[in-house]
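The values are calculated or read from the model by the stated rules, or taken from the named source; none is laboratory data. Since we're looking at a predicted model, the values are computed, not measured. Glycine also receives a Cβ, built like all others from the backbone with ideal geometry; neighbour counts cover every protein chain displayed. Keep in mind that these areas ignore ligands, DNA and RNA; they rest on the heavy atoms of the full protein, side chains included. Shrake-Rupley method; radii C 1.70, N 1.55, O 1.52, S 1.80 Å.
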Amino acid sequence: MIRLHGIHKSYRTHFGEREVLAGVDCTFHRGEKVGILGRNGAGKTTLLRLIAGVEHPNRGHVERGMSVSWPLGFAGAMHYSITGADNARFIARIYGKPLAETVEYVESFAELGEYYRMPVRTYSSGMMMRLGFALSLAVEFDCYLVDEVIAVGDTRFGERCRQALAERRERSTLLLVSHIPETVRAFCTSAALLSDGRLTRYEDLDEAIAAYRAA
Amino acid sequence: MQVQLRVIGALTLRELGTRFGRDNLGYLWLFLEPALLGGSIGLIHHLIGHGLPGGLDVVTFWVIGYIPYYLLRGVVNRAPSAIVANQSLLYHRQVTLPDIIIARNLLEGAATFGAMVAFLLLFGVVTEEWPRDPALLVLGMGLMLGLAHGLALLIAVGSVYTELFERMVHLVTYLALPVTGAFFMVFWLPTELQRAALWIPTVHLFEMVRAGQYGAQVPTHYDMAYVAGWVACLNLLGMAGLRRARRDLVV
């Protein structure tokens, strides 16, 4: 279970303090697949980063009753000046996973070919995304935090992500942020709407999508 | 605790990989760099050929002053970039800001320590002057690392809020060189100046290293408790500051 208690987050900008999240309270249970819908700039990515613990809220706190992945998207989680394989070794070390197996698993899932043994900064954004996703699957989290970019990515890999997540359906929880209702429909069983800094849960997917379109 | 050790180990290995790579001499540069710099400084002063008060060996004096200074400067100069360079790794919750800085500084410490040992062995064989009190010398180096680490923590905190440190730190370490105590001994100074110099914690550390090397051959002045106090204060403030900075950090 993941529980958000009164989460507030604001950033300092040139135009003064800008509040992104204005008191988010929510509970996500084990095994749920929740799509979080929101317009561009609604704070979806910020919410994911706070749940992951990459950044900290100004007020409120996040309670994590299971292991939670880092936010899966284009950037982050890897070191760009070392190779994909070295990143796999690094991840294996910090998460206490067997080295050789992890390196092998990531290699076969990410399908980077010879790029796997080249520095990550030489990768295209699609390749980086594949590496990031493969790394997170190798760690085997209870809950995956996914930014929509992964789902949209090139279709063949998108399909494999869907499959990998489906295989873990019973065990794993999924929180996916997106501004495209179709993406949410493809991955999730319930949804929430993020607007004006607040999050509203809907048990019914169609209801959430209708509310999103109306907003 | 176990997780922390695992993370620091992994970060150290990664740092080793990114700084020295796997090409040609690779990891050897880790200790060749300080060794070459220390050696050149020693050699230059040997060639210039002015003697030292107390009849100390010129090369030894400059090298055992320069290497701890290299440690201090290396750790402090690299501190402003520590967080920025590793920011993407903060995506992993178990990687903390202190871990990142500890890993970098352990590596820096190991490098300079390796260079120091190599030189002392060399001097021992060539001049038959072995360190009189190796434990004191090691302790001096260790406290230097602790002091530099504390400063590095505080500079890293500052780097989260302003770019000023990035811009100023090289200038400051350069200008501070004459007063750190790397290249003078306290007993060379008039009494008034001695008292002033002993306010500076690094002065004590260089004197400790010399006391470890020369023993009672020359008079040395240091107060271990005074330095330990500095180390403790800087580290505590630095750790507290980093806790705060982590909350404000935009990754």
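Quick notes
- Only one entry of B:Pro201, B:Pro178 meets the criterion of being open to solvent by 80 Å² or more (accessible area, probe 1.4 Å) and within 19 Å of B:Pro68 (Cβ to Cβ), and that entry is B:Pro178.
- When A:Gly53, A:Gly96, A:Gly35, A:Gly73 are checked against the criterion of being within 7 Å of chain B (Cβ to nearest Cβ) and open to solvent by less than 20 Å² (accessible area, probe 1.4 Å), A:Gly53 stands alone in meeting it.
- Per-region count, region B:233-251, residues open to solvent by less than 50 Å² (accessible area, probe 1.4 Å) and more than 14 Å from chain A (Cβ to nearest Cβ): 4
- Test: residue in region B:9-21 that is under 30 Å from B:Gln213 (Cβ atoms) and free of Cβ contacts under 8 Å to residues at least 40 places away in the same chain: yes
- Residues that are within 14 Å of chain A (Cβ to nearest Cβ) and not in a helix (DSSP H, G or I) were ranked within region B:48-94; the one that is surrounded by the most Cβ atoms within 10 Å (Cβ to Cβ) is B:His92.
- The number of residues in region B:1-47 being away from chain A (no Cβ under 14 Å), of a type in the set (S, T, N, Q) and open to solvent by less than 60 Å² (accessible area, probe 1.4 Å) comes to 1.
- Of all residues in region A:64-86, those that are farther than 30 Å from A:Cys26 by Cα and touching an Asp or Glu at 6+ places or on another chain (Cβ under 9 Å) total 3.
- For region B:143-218, the helices (runs of 4 or more DSSP H) that sit wholly inside it and include 2 or more residues that are under 16 Å from the mean Cα position of the chain (by Cα) are B:164-180, B:201-214.
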